Amino acid sequence: MLNLLWRNVKWRFKNRFTIMITILQPMLWLVLYSVVADSTMKGTGIKNYTAFILPGVMFLVTFSACSSGGIMNFLMKNNGSFYRILISPVRRSSIVLAQMLEAIFVSLLETFILCVVSLLFSVRFEHGIPGILLIAVFVFLTAFFLAGVAYTISLCLPNEVIYETIMTAIVLPVFCLSSALFPADNLTGGLKILININPFTHVIHAIRSLILGEPVPAARILPVLLLFIVLCACSFLLAMWKMRRETVS
């Protein structure tokens with residue numbers, strides 16, 4: 001698996017434009033949108049809107065990085081390396097994990113870059129090193145889940161154009177129907193229900209609490225961790241199922 005992972009990482013850094021493209025839009029949200037919207041959020045009690053929006057931007061960059069990992073399948077199919085790997089004496093789980101871990105690595109790298117840039121906008125990680133490590137765990141679990149979903153979808157579709165269209169259609173509703181851009185505490189009705197059933201709402205809220213220095217009792221953190229561990233297991237099993245179907249076909 002390590003050889004496959006290293007191969008995927010080398011591909012990523014040979015195609016560095018993929019890193020630039022996946023981080024560009026989240027960086028614009030962080031730098032431009034947060035600065036413009038900061039003045040309109042003063043009456044809501046949000047002192048630093050850049051710090052408030054940062055967890056949502058972390059999700060956005062993670063989604064983008066994991067989506068680009070799915071593109072790798074189409075490129076590998078075009079040059080034939082995908083099928084050469086399939087017939088090689090390599091465990092199917094290693095193939096899937098290597099590609100998922102590469103997407104997770106890029107997600108963590110780009111999240112780190114966003115956090116460094118956010119320091120220029122007076123964002124401070126109030127819970128210190130333990131809080132930063134817990135944020136990294138949340139990003140890892142989010143990326144693992146999204147990488148498995150992206151991998152599965154990429155194996156279900158005939159070409160990268162349709163894949164990119166579908167992934168774009170998924171990310172915007174999921175991103176907007178969460179607490180990524182605004183506080184959801186005072187919402188009511190159907191919108192509140194939609195936001196609360198979105199699992200990313202809860203991981204965004206957990207990361208936000210860690211950044212802003214809010215109390216983070218275990219009763220709030222553990223359910224989110226358990227939820228995403230279950231989602232990660234489901235996405236990996238789904239990716240493995242689709243990989244086996246690909247092998248049979």
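Before moving on, here are some points about what is shown:
- A Förster distance of 25 Å, applied to the separation of the beta-carbon atoms of Leu108 and Ile87, puts the FRET efficiency at 0.20.
- The stretch 195-220-the stretch 17-33 distance, computed between alpha-carbon centres (Å): 23
- The dipole here belongs to the chain: it is taken about the Cα centre, uses +1 on the Cβ of Lys and Arg and -1 on the Cβ of Asp and Glu, and is about 660 debye.
- FRET efficiency for the Met1 to Glu214 pair, using the beta carbon distance and R₀ = 41 Å, is estimated at 0.60.
- Within the stretch 165-186: backbone nitrogen closer than 20 Å to the Gln25 label point (7 Å, Cα to C-beta): 165-182
- Relative contact order (%) - criterion: Cα under 8 Å, at least six apart; region: the stretch 132-220: 26
- For the listed peptides 10-19, 139-148, a ranking on the average number of other beta carbons within 10 Å per residue, highest first, reads 139-148, 10-19.
- Counting only alpha carbon atoms, the long axis of helix 128-156 and the longest principal axis of the chain meet at about 40°.
- Rel. contact order, % - alpha carbon contacts under 8 angstrom, at least six apart, the stretch 39-176: 41
- Positive minus negative residues near Arg84 (Lys, Arg vs Asp, Glu; Cβ under 13 Å): +2
- Dipole magnitude for the stretch 164-249: computed about the Cα centre from +1 point charges on Lys and Arg Cβ and -1 point charges on Asp and Glu Cβ, it is near 220 debye.
- Net charge over other residues, Cβ less than 9 angstrom from the Cβ of Leu155 (K, R count +1; D, E count -1): +1
- Relative contact order of the chain, pairs being alpha-carbon contacts under 8 Å that are 6 or more residues apart, as %: 27
Where a number appears in this text, it was derived from the coordinates with a stated rule and is not lab data. Worth saying up front: this structure is predicted, and the values here are computed from it rather than measured. For neighbour counting, all protein chains shown are included, and Cβ atoms are generated from backbone atoms with ideal geometry for every residue, glycine included.
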